[in-house]
Amino acid sequence: MPHDISRYLAEGPRVGIRHVTYADGPEFTARVRESKDLHHPWLFPPDTAAAYSAYAGRLIQDPAKAGFLVCEKAAGGAIAGFININNIVHGAFRSGALGYGAFAHAAGRGLMREALGLVIRHAFGPMGLHRLEINVQPANTASIALARACGFRLEGYSPNMLYIDGAWRDHERWAITKEMLRPPGNTDLTDR
Ligand SMILES: CC(C)(COP(=O)(O)OP(=O)(O)OC[C@H]1O[C@@H](n2cnc3c(N)ncnc32)[C@H](O)[C@@H]1OP(=O)(O)O)[C@@H](O)C(=O)NCCC(=O)NCCS
């Protein structure tokens, strides 16, 4: 299926980000099935049509969530990964919690780093948020490297924080606030 790149919310040199749609199910679930080894035991994204439909429905309909697909421009907009903002709270907090995964064919090429930079700017710009957090298990070196590379700082340690893969897991809490963004002009990221 051709990708509609006119829907990019923001783009950098190599990737664009756009919202999750129901129509992305076949491509998304095929890439998830190829990426089991990469995602295990950290992440369990939907790998069937029914599970994707429920997942996309939550991201599209719940105002406390926003789902973004990372699309590789040189590959015609093929989906390289995904970044979701969950637990969005407005008011004095204006914060959200990130979840993300690369797909195996695209992992380790810097695409997620570029895309997370775009999502951060979109969250602190059009979405009006002030803080984003990443809760990550201490042994997840790839995710911690991504958080660090994108300018997040370690805020603290949360024992038994999230129920993942059959047990309550300890997490490091990494976060970035709007004040920590590099000033415009010091970045190669462009918003649309
Ligand atoms: C975490 C994840 C999204 C990173 O994706 P990626 O495609 O490797 O990301 P990038 O290629 O953009 O790399 C981002 C940074 O992490 C570094 N990195 C990537 N994998 C790494 C690894 N296994 N060990 C150490 N550093 C790593 C890269 O070198 C890069 O840093 P740099 O820009 O300073 O060189 C991917 O590994 C993944 O999907 N993991 C499984 C799901 C998961 O853990 N999700 C997060 C749960 S909290």
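Counting only protein heavy atoms and a 1.4 Å probe, tell me what percentage of the chain's accessible area is made up of carbon and sulfur. On the chain, the fraction of accessible area on carbon and sulfur atoms equals 57 percent.
At a probe radius of 1.4 angstrom, the accessible area of the range 5-191 per residue rounds to 47 square angstrom. Counting only DSSP beta bridges whose two residues both lie in the range 80-164, roughly 65 percent are antiparallel.
Relative protection proxy for 76-87, 60-71, from highest mean packing down: 76-87, 60-71 (other beta-carbon atoms within 10 angstrom).
When peptides 114-121, 151-158 are sorted by average Cβ neighbour count within 10 Å, with the highest value leading, the order is 114-121, 151-158.
Of the residues 99, 115, 70, the one whose Cα sits farthest toward the positive end of the charge dipole of the range 69-134, with +1 on the Cβ of Lys and Arg and -1 on the Cβ of Asp and Glu, is 115.
A simple charge model with +1 on the Cβ of Lys and Arg, -1 on the Cβ of Asp and Glu and nothing else charged puts the dipole of the range 5-191 at about 280 debye relative to its Cα centre. Computed from the Cα positions only, the extents of the range 1-158 along the three principal axes stand at 41, 33, 33 Å, in decreasing order. Helix-only arithmetic for the chain: the sum of -39500 (n - 2.57) across DSSP H runs with n ≥ 4, divided by the residue total, places the mean residue ellipticity at 222 nm at -7500 deg cm²/dmol.
The values are calculated or read from the model by the stated rules, or taken from the named source; none is laboratory data. Since this is a predicted model, take the numbers as computed values, not measurements. Note: ideal-geometry Cβ built from the backbone for every residue, glycine included; neighbour counts use all protein chains shown. The accessibility values were calculated without ligands, DNA or RNA, using every heavy atom of the protein model including side chains. Shrake-Rupley method; radii C 1.70, N 1.55, O 1.52, S 1.80 Å.
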